[in-house]
């Protein structure tokens, strides 16, 4: 099966070079398209000088994660399509593992990302979410051995994901209003609401340098994640669900308080307000009826602390 891998990049440095070298070494080398968000064409230059077998779509500006990938898929169409972060170094068998997990009843496949500091533990094996759409990296922090009996996640993480192009395009691809963060969760929710299924490719693995672009605890990241969180609560109709909204607000208050105490910033809170306002006129979406975690607020915050420390 011929896969096309789309890699968004902003800096196009040695991290991207390692990602491309690892893909080049796969038993079945995939087609590769760089979605170049750099303002100086650095991604295209790297491809031409060191990896001429790959292709690059150059935008001349940072379009954001989802918008860049949507355009790259339109301009260089493939099927199935794979999205891979430029800070992921795939292991041998990655392409074969993804292909092997795509069966007749599957529209999306989650690969497995391992932690760069501790490759014996899982960084992410897809995305899951609770009833308020608070998202989590599936199996984060668990030992690799956990994969042997792991169930399928809600959807794949955008850092290592496969989609059938027809299913991806049927729901409109990534929401381009979301510049960065949680666009993978939103896409998974829309696909699951349409009945799509996600498989877990336990043999498709890569080493991930977590938050290489923005920094794991930067104020800028808090602002962007906050915007996406507020936006999603609005567009999925939580303004009309008082009980669910009150639970979501309790979680968001705790998260923003943690950011204020640890990083001395309110950008996460301001981002949530801005995202909520931005979703005002967006047509309402329906969360999927199945696949969401039925967990308590305490459990949700504990899962978040294990991942983010907040």
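The values are calculated or read from the model by the stated rules, or taken from the named source; none is laboratory data. Just so it is clear, the structure is predicted and the values come from calculations on it, not from any experiment. Every residue, glycine among them, receives a Cβ derived from its backbone with ideal geometry; neighbour counts consider all protein chains shown.
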Legend entry - Top-ranked residue in segment 1-19 [being buried (at least 22 other Cβ atoms within 10 Å of the Cβ) and more than 18 Å from the chain's Cα centre (by Cα); ranked as nearest to residue 75 (Cα to Cα)]: 3
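How many residues, within segment 44-62, are over 24 Å from residue 179 (Cα atoms) and out of contact with any strand residue (DSSP E or B) (no Cβ under 7 Å at 6 or more places or on another chain)? It would help to see each step written out before you state the result.
Going through segment 44-62, the residues over 24 Å from residue 179 (Cα atoms) turn out to be 45-54.
Next, only the ones that are out of contact with any strand residue (DSSP E or B) (no Cβ under 7 Å at 6 or more places or on another chain) stay: 45-46, 48-53.
Final tally of qualifying residues: 8.
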Legend entry - Some residue of segment 278-292 being at pLDDT 95 or above and part of a helix (DSSP H, G or I): yes
Inset, instruction - Report yes if some residue within segment 58-65 is modelled with pLDDT of 95 or more and in a strand (DSSP E or B); otherwise report no. - result: yes
Inset, instruction - Would you mind telling me which numbered condition in (1) over 25 Å from residue 244 (Cβ atoms); (2) surrounded by fewer than 22 Cβ atoms within 10 Å (Cβ to Cβ); (3) touching a residue at least 60 places away in the same chain (Cβ under 8 Å) residue 124 fails? - result: (2)
Inset, instruction - Kindly check whether there is at least one residue in segment 93-105 that is in the same structural domain as residue 21 (by TED's automatic domain parsing), free of Cβ contacts under 8 Å to residues at least 40 places away in the same chain and closer than 22 Å to residue 192 by Cα. - result: yes
Inset, instruction - Output the residues belonging to segment 204-245 that are outside any loop (DSSP other than H, G, I, E, B), farther than 19 Å from residue 258 by Cα, in contact with a helix residue (DSSP H, G or I) (Cβ under 8 Å, 6 or more places away or on another chain) and modelled with pLDDT under 95. - result: 238, 239, 244, 245
Inset, instruction - Go through the residues of segment 247-261 one by one and say whether even a single one is within 19 Å of residue 279 (Cα to Cα), touching a residue at least 40 places away in the same chain (Cβ under 8 Å) and either in the same structural domain as residue 66 (by TED's automatic domain parsing) or over 20 Å from the mean Cα position of the chain (by Cα) (or both). - result: yes
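Mind checking whether some residue in segment 50-57 is outside any helix (DSSP H, G or I) and buried (at least 23 other Cβ atoms within 10 Å of the Cβ)?
Among the residues of segment 50-57, at least one is outside any helix (DSSP H, G or I) and buried (at least 23 other Cβ atoms within 10 Å of the Cβ), which makes the answer yes.
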Inset, instruction - State all residues of segment 52-78 that are on the phi > 0 side of the Ramachandran plot and in contact with a helix residue (DSSP H, G or I) (Cβ under 9 Å, 6 or more places away or on another chain); if no residue qualifies, say none. - result: 64
Inset, instruction - Inspect all residues belonging to segment 96-105 and state whether any of them is in contact with a helix residue (DSSP H, G or I) (Cβ under 6 Å, 6 or more places away or on another chain) and not in a helix (DSSP H, G or I). - result: no
Legend entry - Within segment 20-49, tally of residues that are free of Cβ contacts under 8 Å to residues at least 24 places away in the same chain and not in a helix (DSSP H, G or I): 3
Legend entry - Restricting segment 107-118 to residues that are in a loop (DSSP other than H, G, I, E, B) and either at pLDDT below 95 or not assigned by TED's automatic domain parsing to the domain that holds residue 24 (or both), the residue that is surrounded by the fewest Cβ atoms within 10 Å (Cβ to Cβ): 117
Legend entry - Qualifying residue in segment 170-180 (condition: in contact with a helix residue (DSSP H, G or I) (Cβ under 8 Å, 6 or more places away or on another chain) and either modelled with pLDDT under 95 or within 26 Å of residue 203 (Cβ to Cβ) (or both)): yes
Inset, instruction - Within segment 202-216, identify whether any single residue is in contact (Cβ under 8 Å) with a residue 60 or more places away in the chain, surrounded by fewer than 24 Cβ atoms within 10 Å (Cβ to Cβ) and under 19 Å from residue 301 (Cα atoms), and answer yes or no. - result: yes
